[in-house]
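Here's the structure we're looking at; comments come further down.
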Amino acid sequence: MSLGQMLKTKGIISEEQLSKALEHQKKLSIRLGEALTEMGFADAEDITRSLAEQFDFQVVNPMATPIPDDVINTIPKDIAKKHNIIPVARQEGLIIVAINDPLDISTLEDLHFTLNINVGCVLATKNNIEDAFKKYYDKEKVVSFDGYLDGFKSILDGADESFDYTVGAEEEAEAPIVKLVTYIIDEAVKARASDIHIEPLPGKTRIRFRIDGVCQEVHSITNRVHEALISRIKILSHIDITEKRKPQDGRISSEVGEKPIDIRVSTIPTTCGESIVMRILEKSTVLVQLKNMGFSDYDYDNFKSILKKPNGIFLITGPTGSGKSTTLYASLNEVDRSEKKIITVEDPIEYNLSGINQCQVNETIGLSFPSILRSVLRQDPDIIIIGEIRDAETAEIAVTSALTGHLVLSTLHTNDAPSAITRLVDMGIKPFLISSSIQAILAQRLVRVICPKCKVPHKIEKDVLAALNITDLENTEFSRGTGCEYCNRTGYRGRKPIFEFMRINAEIRDAIFKSKGTHELRKIALSNGMSTLAEDGLRLARAQITTLEEIMRVSTLNSD
């Protein structure tokens, strides 16, 4: 099986992504793996593991295990650099080298004839080989998290409780606290974390990353570093470092590698000190195609038909971190931008979109959602994207816009689709205005995907299914992940959305107009073909994409 077909079979890339990568490969005369990574369709680890499987090679990380000096010395620095290789072991008369390209036979022949040694090879990612080269040939020190903490040792040993750990940190790039914060952010991005949590607890400060929607503790440090850590982050995010009694918000713009990232920072005082959460947003994230998001055929057809409407409101609902913004902007791929005037009002701007006017909310100078929206209406837009409806004034302008010939797409924080109606009523919007303006509501959650490297069949007992009120899947084969290095022993790697699509038809409009409650709206929507979040999740479990346990984590399987 070819590399592209193998990646497609594993669900790492889609057919459309493969076609685009093949065009990119042909244009630049590069290997398919390079094209896929350059376009952001697959990461280096996916490519390397698939190549190893294709050519029956072993995969190693030359940074994970110390390499003896006598092994490194078998291959001169200039030759290792020329071929981008690193020797990793000596085995039965062979020198085992880590290479990135299994088809690079000329390198092995060159090594054999130039150095008169027998060579075997294993595969490693290009970045891991380069890091190992720096470590063993250039003798660059690779510092761990504990290594950064060592920089505080002399300060902590001789400091009293009133010592100002932030002195000189912002001016001196080599200050321990500066390097520590940089390390934490870099490590979080590499781990695919969406959030960094820095939490003061009795006796320690806990650092956790939210990866694939679940918090994982990665470090625990002494409380005496906590104040310096918080102050450094406040300085970077332009927050008042002297204010410790009330919550504050800020923002950091940075780069990790060559990736531009935006970090939203939130502080809150607790009994043990200030707690910080840092939401990581990658500005360069490639927009997902709507058809690749995993909709059922029924929901996808409904979604596309709503986007063709000339006016009305389309709401996407769910809690923070449920992928609402991704879905919101993926929908724009279904719209002809050359014929439509599209304006967005966002806080912050999460994706940079071509052919679209994007407006950034800035409360400090009076640029709120309502104030920008009032001006936006004078710009003659066809489609208005509102990052989030947070208050009554924004909701009123959205409804007015929808009733005067604009298609409005926005997000709202509610548990499910019918609850969005109740939320708007609570904001003060009259039921007759809601029934006249809302076209559809999409609720969503993100569920973790079973790790493709440790995926195994998993039988669910009938009594368990019965307890969950599931009677139609008794003979269905499920899967689960056993846990491996690739998924950090969790059994999951990556996430996919599940949906609850409620299209507003005449019957539901009448119920909204009569101020019917959420339960009644849900019954009507279900009778008209709406699938619940749990039912859509069971579709993914049946396809062995996720597990029943994961569906239960984000929804209620046995609800009526």
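Observations on the model:
- When segment 515-560 is filtered for residues that are more than 19 Å from residue 459 (Cα to Cα), of a type in the set (Asp, Glu) and open to solvent by 50 Å² or more (accessible area, probe 1.4 Å), the ones remaining, listed by number, are 520, 535, 560.
- Counted residues, segment 237-255 - those being under 25 Å from residue 349 (Cβ atoms) and either surrounded by 15 or more Cβ atoms within 10 Å (Cβ to Cβ) or touching a Gly at 6+ places or on another chain (Cβ under 6 Å) (or both): 8
- Residue list for segment 200-213, filter: closer than 30 Å to residue 551 by Cα, in contact (Cβ under 8 Å) with a residue 24 or more places away in the chain and open to solvent by 40 Å² or more (accessible area, probe 1.4 Å): 210
- Condition check for residue 234: open to solvent by 70 Å² or more (accessible area, probe 1.4 Å) and out of contact with any helix residue (DSSP H, G or I) (no Cβ under 8 Å at 6 or more places or on another chain): no
- Any hit, segment 337-354, residues being surrounded by fewer than 18 Cβ atoms within 10 Å (Cβ to Cβ) and not in a loop (DSSP other than H, G, I, E, B): no
- Whenever a residue of segment 298-312 is more than 19 Å from residue 380 (Cβ to Cβ), its partners that are part of a helix (DSSP H, G or I) and open to solvent by less than 20 Å² (accessible area, probe 1.4 Å), lying with C-beta atoms within less than 8 angstrom and at least six residues away or across chains, give the pairs 299/536; 300/290; 303/290; 303/331; 304/290; 307/331.
- Screening residue 21 on (1) free of Cβ contacts under 8 Å to residues at least 12 places away in the same chain; (2) assigned to a helix (DSSP H, G or I); (3) open to solvent by less than 80 Å² (accessible area, probe 1.4 Å) shows it passes everything except condition (1).
- Residue match in segment 358-371 (condition: of a type in the set (A, V, I, L, M), closer than 24 Å to residue 441 by Cα and surrounded by 14 or more Cβ atoms within 10 Å (Cβ to Cβ)): no
- Filter result (over 21 Å from residue 282 (Cβ atoms) and either buried (at least 20 other Cβ atoms within 10 Å of the Cβ) or not charged (D, E, K, R) (or both)) within segment 323-336: 335
- Pairs with Cβ under 6 Å, 6+ apart, first in segment 93-105 and under 20 Å from residue 67 (Cβ atoms), second open to solvent by 10 Å² or more (accessible area, probe 1.4 Å) and part of a loop (DSSP other than H, G, I, E, B): 95/74; 95/117; 98/60
- Within segment 344-362, residues that are of a type in the set (Phe, Trp, Tyr) sit with their Cβ atoms under 7 Å from residues that are open to solvent by less than 20 Å² (accessible area, probe 1.4 Å), at 6+ positions apart or across chains, in these pairs: 351/329.
- Entirely in segment 418-499, the strands (runs of 3 or more DSSP E) that have 2 or more residues that are at pLDDT 90 or above, under 22 Å from residue 520 (Cα atoms) and in contact with a strand residue (DSSP E or B) (Cβ under 9 Å, 6 or more places away or on another chain): 438-450
The values are calculated or read from the model by the stated rules, or taken from the named source; none is laboratory data. These numbers were taken from a predicted model, which means no experiment stands behind them. For neighbour counting, all protein chains shown are included, and Cβ atoms are generated from backbone atoms with ideal geometry for every residue, glycine included. Only protein heavy atoms, including side chains, enter the accessible area calculation; ligands, DNA and RNA are left aside. Shrake-Rupley method; radii C 1.70, N 1.55, O 1.52, S 1.80 Å.
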